[in-house]
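For reference, the structure is listed below as structure tokens.
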Amino acid sequence: MFRRLLIANRGEIAIRVARTARAMGIHCIGVYSEADRTALHRTAMDESVEIGGPLPVQSYLNASAILRAARETRADAIHPGYGFLSEKADFAVRCAEAGIVFVGPPPEAIAVTGDKVSARRAMAEAGVPVTEGVDRVLRSVDEAREVAAEIGYPVLFKATAGGGGIGMSRVDGPEGLAESFEAAQSVAGANFGNPDLFLEKYLQKARHVEVQVLLGDHGAGVGFVERECSVQRRHQKLVEETPSPAIGAAVRRRLQEVAVRGLQSLGYRNAGTVEFLFHDRRFTFNEVNARLQVEHPITEMVTGVDLVRQQLRVASGEGIEFSQSEMRWKGHAIECRINAEDPLRNFLPSPGRIVDFRVPAGSQIRVDAGVAAGSIVPAFYDPLIAKLVVGGSSRDTAVRRMLRSVDAFEVRGIHSTLPFHRVLLSDRDFIKGKLWTTMVDDLRLVARIRSRGPWEQRIAEIAAAVAASGRLMSGPTVDLMRSKASAWSAAGRRQLLAGGDHAVPPRRRW
């Protein structure tokens, strides 16, 4: 097993990886940008290194700076977390060249899965059902128009190098195709440096389901119970659960079989997730995420498996600790992503200082957080600040527990997605398990959030003005490494870093 691990990420995932690694006796090395000098994830590490400026390209996407930090701190391995460099094949190659183990798939597999057209071809060759579409890059509007007419509208343009829902554009008829094609190309080129597009049939009211897979050195693989990730906005997940309320035992076994087989065909190793669309009782391949997923805690909750531990074991050559026949799951788990976003302003990011941060307590409640009271949420990175995960003996029990947990969760000083989650968890379709990828817009869930009163609106406007002027980001900060926190704050911070259940102090009434 590794002695020294560099965690090339920030926020809650850096803390989560460190929690398992340190429990395994591994010395953890963190990295941070100029904007993250007081970030909570630094306190979870045995040591940490500043790697560059606030922009991702200057720091967390700066492969040279991260490799330099790994060499200087004598790291045996690098865990990339998710996002940033986690699915960059060239980074995995550079790690190998430097004699440092990359905790993830081989670069050859990352290269295939990172190109959506190549991934479609590979999955089809492995016998995995794929969504109707084309397995080539579209070179012109005329070619796109021919393909769309052949498979029938609506269709979906997708960036070959895309991810996170970026570079996708739905077209309902031929009159809007040219404009959508050019817009999608522009977005893809700006975000990925590659404007190439392909096209798939758009499946209306489809579910998004996915299968977590672990593969060892010799192709031995384990497929886990599926996750349902249909609650999305702008193709980005907001809520996940496992198992899916729509999947029965027979379909579940089939999903696991094709997911494992598909990744085995690529020579894949370590953790990965195969995403599918489920429509009219059929599932078709969507994409592969060649990394640990954001929503991995719900799988851990129903199986008892520590996925980060298994990642580290596979990467070090020790192998997976169980087989497919030994895999068991029990109950139901749900995750709500708590983002620093304002749902009432189209989920606009809400950077700034968190003045109060209180998390729920109780059995089968887990909070993976990257912030605490006093933390500053920078404007430069993904707005995810915490993941609230609950379990239950049944889906109904888990939904009720999640609603109580959301009500007990407090974030003050910035806006968060908590009001949205309260509305969603009370929605009739959600309670019934009737889910689809466009339900947030179709049901106008955001419109049901209670509008702010005049004083709340005025406070929000003042906070936004201060943030825009830069004073909120550049003013005096709380040094989480050295601040004289109250006993409650210190205890709460330790519990956030340790994971599990968290105590909430009684609220003072003045």
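Observations
- Using the Cβ-Cβ distance between Asp217 and Asp356 with R0 set to 41 Å, the FRET efficiency works out to roughly 0.30.
- Spacing of the modelled spin labels on Glu410 and Arg3, each 7 Å from Cα toward Cβ, amounts to 4.7 nm.
- Subset of Lys158/Lys205; Lys237/Lys432; Lys158/Lys434 violating a 21 Å alpha-carbon distance limit: Lys158/Lys434
- Stokes-Einstein translational diffusion, the chain - Kirkwood Rh over all Cα pairs, 0.692 mPa s, 37 °C, in µm²/s: 139 µm²/s
- Of the peptides 320-326, 106-112, the ranking by mean beta-carbon count within 10 Å, highest at the top, reads 106-112, 320-326.
- The local environment of Phe2, defined by Cβ-Cβ distances under 14 Å, has a net charge of +3 under the rule Lys, Arg +1 and Asp, Glu -1.
- Rg/Rg_ref, segment 132-201, where Rg_ref = 2.2 N^0.38 Å and atoms are Cα: 0.96
- Taking one quarter of the surface of the convex hull spanned by the alpha-carbon atoms of segment 24-124 gives a direction-averaged projected area of 7.3 nm².
Quick note: the coordinates plus some simple rules give every number you see, no bench work behind them. As the structure is a prediction and not an experimental result, all values here were calculated from the model. Glycine gets a Cβ as well: all are built from the backbone with ideal geometry, and neighbour counts include every protein chain shown.
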